[in-house]
Each structure stands twice: as C-alpha cells, then as structure tokens.
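The structure appears right after this line, and notes come after that.
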Amino acid sequence: MRVIDLRSDTVTHPTPEMREAMYRAEVGDDVFREDPTVNRLEEMAAERLGREAGLFVASGTMGNLVALLTHCGRGDEAIVGDRSHTFLFEQGGMAALGGITPRPVPNQPDGTLRLTDIEEAIREDNVHFPRTRLVCLENTHNMCNGTPLTPEYTAQVARLAHARGLRVHLDGARIFNAAAALGVDVRELVQEVDSVMFCLSKGLCAPVGSLLCGDTDFIAGARRARKVVGGGMRQAGVLAAAGIVALERMTDRLAEDHARARRLAEGLAQISGVEVAPVSTNILYFSITDEVGRTPEELVDGLMERGVLLLGRENGRFRAVTHYWITDEDIDRVLRAMEEVLA
Ligand code: TLP
C-alpha cells in the first residue's frame with residue numbers, strides 16, 4: 001500500500017530531474033565563493049525576489065536565525081507573532097544564540113499582527129528597556145491556517161517599522177504558495193521588507209536548503225553569521241542544483257496543491273463531526289467534535305493503518321498538507337479512510 005504522507009510539505013522527495021541535476025552539478029568550495037552552482041542559485045533567488053543578493057542556507061530555521069543575528073545585536077529586541085514559527089518552533093534560537101529578546105504580539109486568525117499592537121510594542125529610548133530593532137512577519141502563516149499575507153499589508157508594516165527606525169524580516173518559508181494563492185508576482189510580497197527567507201525543501205520539493213535574500217550589505221553580514229553557526233557548506237552545489245530545478249520548475253504548479261487542499265477540505269466538511277478551518281493554500285487544519293467518540297490518537301492511528309499520515313497538533317487540531325507527491329486519487333483515498341475511521 002502506497003503511503004499518503006500529509007504530515008508536511010517537508011516530506012517531499014526530490015524529483016528525478018533534481019536527482020539528475022544533483023548528479024551532474026559543477027561544484028567548488030562555497031566558503032571561498034567558488035561553487036558555481038551555489039552562486040547561480042543565489043543570483044537566481046535574488047533576481048526572482050527582486051533583491052540585490054541571496055545566500056544559500058541549510059534550512060529555514062538557519063535562515064531565520066542568520067537574519068536575526070544580522071539585524072540585531074545582543075540585548076536587542078525583535079517583535080514576533082505569538083504563533084509564528086520563529087517564536088514557537090525554533091528553540092528560541094534568537095535568545096539562546098543571539099541574546100535577542102523575542103517580543104511576542106498576538107497573531108490575528110489571518111496571520112497578521114495588528115499595526116497598533118506593533119506600534120505599542122516598540123520601545124521608547126529608556127535605560128530600562130532593550131532596543132527594538134526588528135519586526136518579523138510570516139507568509140504564508142503556518143499556524144494561522146496557511147493564510148497568505150497581502151502585499152498591501154506587508155508594505156504597511158514595513159512603512160510603520162521603517163518610520164520608527166526598525167527593520168523587517170519576512171519568514172517566507174512558503175512565499176511562493178502565497179504568491180500563487182494571491183495571484184501576484186512574488187516580488188510584490190517582499191518588495192518593502194529588508195530581508196526574506198524562503199524554503200526550497202517544502203512545496204518546491206528540493207531535498208535541502210533555503211535562501212536568505214536582501215541588499216548586498218545585509219547579505220555580506222549574513223554570510224558572516226552563517227559561518228559562525230556552522231553553515232559554511234563547501235561543495236554545496238550538489239544541493240543547490242536541486243534548488244535551481246525547484247525555482248525553475250516547481251513554483252508555477254503550486255496552485256494544484258492548493259486546489260487539492262480545497263478539495264480535501266470540501267470532502268472533510270461533508271463528514272459529520274469534522275470541523276474544517278478556512279483553507280487558502282496547501283495547509284489545512286481541521287478538528288473532530290466530541291460526538292464522534294474518537295480521541296485524536298485513535299484518529300491518527302486509524303488513518304495510519306490505512307496508509308494515511310497526518311499531524312495531530314495542539315487542542316485537538318489536525319494538520320494535512322498537500323504537495324507535489326499527492327494526487328487527486330490520494331485525496332479520494334484519504335476521504336474514504338476518514339469516513340471509515342469515524343464511522
Ligand atoms: N515548518 C515545519 C515544522 O517545523 C513545523 C512544517 O512541517 O511546517 N518557517 C516556517 C513558516 C516553517 O513552517 C518552517 C518549517 C520553518 C520556518 C523552518 O524550516 P526548516 O524546517 O527548514 O528549518
């Protein structure tokens with residue numbers, strides 16, 4: 001039985017074309033800036049996002065950490081969403097490794113931070129306070145139903161931050177999903193922020209890696225920060241080669257994943273006792289009501305027995321993520337399995 005893995009889009013294996021490109025990749029020592037494949041990927045990424053420069057990093061977590069370390073010094077403060085990946089799921093790396101205080105403000109259900117909340121969280125110059133340096137946004141917002149932030153909203157936050165002398169970092173792990181969902185060029189989503197990280201190893205299917213993009217000075221600083229966290233990767237062209245295929249081939253098809261997530265949501269909504277959250281990209285959350293008489297563990301285990309994997313999350317919420325390796329037939333099989341387990 002083929003396993004249908006909806007736990008995350010991080011589970012995506014590289015495509016045959018990626019494996020071929022990896023096999024053939026020209027490589028060099030990237031710490032000496034001599035890996036032509038990494039150099040090409042970094043240039044391509046910067047160009048796609050309309051930024052001056054890019055930096056290949058090992059993961060999304062490393063990209064966010066390196067951005068934080070570059071924008072902020074020890075003792076500085078960064079405003080983050082209270083449901084953001086950076087705040088919840090990165091081991092507090094900014095504090096642990098950078099001496100940076102996260103200042104959480106509430107994420108609204110659509111993943112935004114209220115402008116007034118950001119404004120109120122900015123510290124005045126006072127000997128008692130850390131200095132506020134940075135505002136972090138996340139697009140699409142993982143924990144807020146995979147919702148995309150609009151170009152207009154992102155620009156509003158950037159203008160507010162810049163007017164107060166702060167910088168803005170965007171965790172754009174799934175920024176190409178946001179662009180596909182909103183029908184805009186990805187440049188519009190990032191044009192006013194100071195740095196943006198996006199992942200190759202999620203919906204874009206590459207096996208490893210993320211890119212951090214910004215202006216030339218920022219990337220020069222980030223290159224130093226990447227080295228100190230052990231991210232100087234030598235012949236990384238074998239990885240970057242898959243990333244190039246990801247950027248060339250995989251961004252324009254993400255709407256298919258969104259359509260399948262929507263179809264899954266519509267099917268689940270027909271099953272009694274299932275409550276589905278609004279879905280706009282490839283991330284779908286749902287919960288089951290008490291009347292179905294199944295614990296979250298029973299549901300996850302019952303689906304696993306039927307070859308379907310998904311994640312049980314906090315407060316009885318479940319997450320299913322569609323991606324390149326999920327087909328229409330898989331969605332039908334998942335719905336049948338759900339009906340059986342909840343019957
Ligand atoms: N998210 C993973 C898990 O860590 C939860 C997932 O399965 O969704 N920013 C965002 C918005 C993310 O969703 C993730 C990964 C990261 C950063 C970190 O990326 P990696 O896993 O490459 O370090």
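Laid out as a table, the results:
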quantity	calculated
Residue count for the stretch 38-67, restricted to those that are out of contact with any strand residue (DSSP E or B) (no Cβ under 6 Å at 6 or more places or on another chain), among the aliphatic types (A, V, I, L, M) and over 21 Å from Thr10 (Cα atoms)	2
Selection within the stretch 316-343 - within 16 Å of the ligand (Cβ to nearest atom) and either part of a helix (DSSP H, G or I) or touching a strand residue (DSSP E or B) at 6+ places or on another chain (Cβ under 6 Å) (or both)	Arg317, Phe318, Arg319, Ala320, Val321
Counted residues, the stretch 108-149 - those being away from the ligand (no atom under 12 Å from the Cβ) and either in contact with a Lys or Arg (Cβ under 7 Å, 6 or more places away or on another chain) or among the hydroxyl-bearing types (Ser, Thr, Tyr) (or both)	12
Residue in the stretch 76-91 that is among the polar types (S, T, N, Q), more than 30 Å from Val184 (Cβ to Cβ) and under 24 Å from the mean Cα position of the chain (by Cα) present	yes
Sole exception among (1) out of contact with any Gly (no Cβ under 6 Å at 6 or more places or on another chain); (2) in contact (Cβ under 8 Å) with a residue 40 or more places away in the chain; (3) crowded, with 23+ Cβ neighbours inside 10 Å; (4) not aromatic (Phe, Trp, Tyr) for Leu170, by number	(2)
Scan of the stretch 153-180 for residues that are out of contact with any Leu (no Cβ under 8 Å at 6 or more places or on another chain) and within 16 Å of the ligand (Cβ to nearest atom), ordered by number	Ala173, Arg174
Qualifying residues in the stretch 287-315 (those that are under 24 Å from Phe89 (Cα atoms) and assigned to a strand (DSSP E or B)) - the one modelled with the lowest pLDDT	Gly312
Scope the stretch 256-269; condition more than 30 Å from Arg24 (Cα to Cα) and either touching a residue at least 40 places away in the same chain (Cβ under 8 Å) or in contact with a strand residue (DSSP E or B) (Cβ under 7 Å, 6 or more places away or on another chain) (or both); matching residues	His258, Arg260, Ala261, Arg263, Leu264, Ala265, Gly267, Leu268, Ala269
Qualifying position, being closer than 23 Å to Thr61 by Cβ and among the acidic types (Asp, Glu), among Glu138, Glu124	Glu138
Residue that is nearest to the ligand (Cβ to nearest atom), among those in the stretch 181-201 that are over 23 Å from Ile118 (Cα atoms) and not hydrophobic (A, V, I, L, M, F, W, C)	Ser201
The stretch 202-221, residues that are away from the ligand (no atom under 16 Å from the Cβ) and either buried (at least 24 other Cβ atoms within 10 Å of the Cβ) or under 19 Å from the mean Cα position of the chain (by Cα) (or both)	Gly214
Qualifying residue in the stretch 85-99 (condition: surrounded by fewer than 21 Cβ atoms within 10 Å (Cβ to Cβ), farther than 23 Å from Leu211 by Cβ, touching a residue at least 24 places away in the same chain (Cβ under 8 Å) and more than 16 Å from the ligand (Cβ to nearest atom))	yes
Lone qualifier among Leu309, Leu303, Leu239 - being in contact (Cβ under 8 Å) with a residue 12 or more places away in the chain, more than 30 Å from Glu43 (Cα to Cα) and either of a type in the set (Asp, Glu) or surrounded by 18 or more Cβ atoms within 10 Å (Cβ to Cβ) (or both)	Leu303
Residue, nearest to Asp35 (Cα to Cα), within the stretch 53-80, restricted to residues that are surrounded by fewer than 24 Cβ atoms within 10 Å (Cβ to Cβ) and within 16 Å of the ligand (Cβ to nearest atom)	Ala58
Matching option when the condition is surrounded by fewer than 19 Cβ atoms within 10 Å (Cβ to Cβ), assigned by TED's automatic domain parsing to the domain that holds Val66 and of a type in the set (Asp, Glu), among Glu138, Glu152	Glu152
Residues that are in contact (Cβ under 8 Å) with a residue 12 or more places away in the chain and either farther than 22 Å from Arg174 by Cβ or more than 24 Å from the chain's Cα centre (by Cα) (or both), drawn from the stretch 102-117	Arg103, Leu115, Asp117
Check on Val31, buried (at least 24 other Cβ atoms within 10 Å of the Cβ) and assigned by TED's automatic domain parsing to the domain that holds Thr140	no
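The values are calculated or read from the model by the stated rules, or taken from the named source; none is laboratory data. Bear in mind that the values here come from a model prediction, so they are computed numbers and not experimental data. Because the Cβ atoms are built from the backbone with ideal geometry, glycine has one as well, and the counts that use them run over all protein chains shown.
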